[in-house]
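Down below is the structure, laid out as structure tokens.
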Amino acid sequence: MKQPIITLLSWGLLLALAGTAQAAGDPVAGKQKNAMCIGCHGIEGYRTSYPSVYNVPRLGGQHAEYIVKALQAYKTDARNHPSMKGISATLSDQDMEDLAAYYAGSGGK
């Protein structure tokens, strides 16, 4: 009876660790590419003081997979926002991974 429980717990632990894997990108390279994002997504206070005028999501602490998928969706026109479509069009897949790794690791900033 103990063997199936140990096996089940082992698989659960492996799955949990797999879910915490780091993004494929390089956060140092992402920080260098951050200049194109910080103009809109990095304005603290303004976003909360004037939400009807300036409503953009906070990127710091987001899941890397979400950021990559969102950027890919803008690039392929699956999501529609003029500024994001223009920016994402200039990004390679590696750029997206790098930015995602940087923001996923930057907490609430």
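The values are calculated or read from the model by the stated rules, or taken from the named source; none is laboratory data. Nothing here was measured: the structure is a model prediction, and the numbers come from that model. Glycine gets a Cβ as well: all are built from the backbone with ideal geometry, and neighbour counts include every protein chain shown.
For region 74-107, give me the residue count where each residue is within 21 Å of Asp26 (Cα to Cα) and not in a loop (DSSP other than H, G, I, E, B).
Residues in region 74-107 being within 21 Å of Asp26 (Cα to Cα) and not in a loop (DSSP other than H, G, I, E, B): 16 in total.
Check Met84 against each of (1) exposed (fewer than 15 other Cβ atoms within 10 Å of the Cβ); (2) under 16 Å from the mean Cα position of the chain (by Cα); (3) of a type in the set (A, V, I, L, M) and name the one condition it does not meet.
Going through the list (1) exposed (fewer than 15 other Cβ atoms within 10 Å of the Cβ); (2) under 16 Å from the mean Cα position of the chain (by Cα); (3) of a type in the set (A, V, I, L, M), Met84 breaks only (1).
Given the structure, is Tyr54 of a type in the set (Ser, Thr, Tyr) and either within 14 Å of Gly25 (Cβ to Cβ) or at pLDDT 85 or above (or both)?
Against the criterion (of a type in the set (Ser, Thr, Tyr) and either within 14 Å of Gly25 (Cβ to Cβ) or at pLDDT 85 or above (or both)), Tyr54 does not qualify.
What pairs can you find where one residue is in region 60-74 and closer than 8 Å to Tyr103 by Cα and in contact (Cβ under 8 Å) with a residue 12 or more places away in the chain, the other is in a helix (DSSP H, G or I) and of a type outside the set (A, V, I, L, M, F, W, C), and their Cβ atoms are less than 6 Å apart, with a gap of 6+ or different chains?
Gly60/Tyr103; Gln62/Tyr103
Can you tell me which residue within region 19-49, out of those that are aliphatic (A, V, I, L, M) and either under 15 Å from Asp93 (Cα atoms) or modelled with pLDDT of 90 or more (or both), is nearest to the chain's Cα centre (by Cα)?
Per the criteria, the residue is Ala23.
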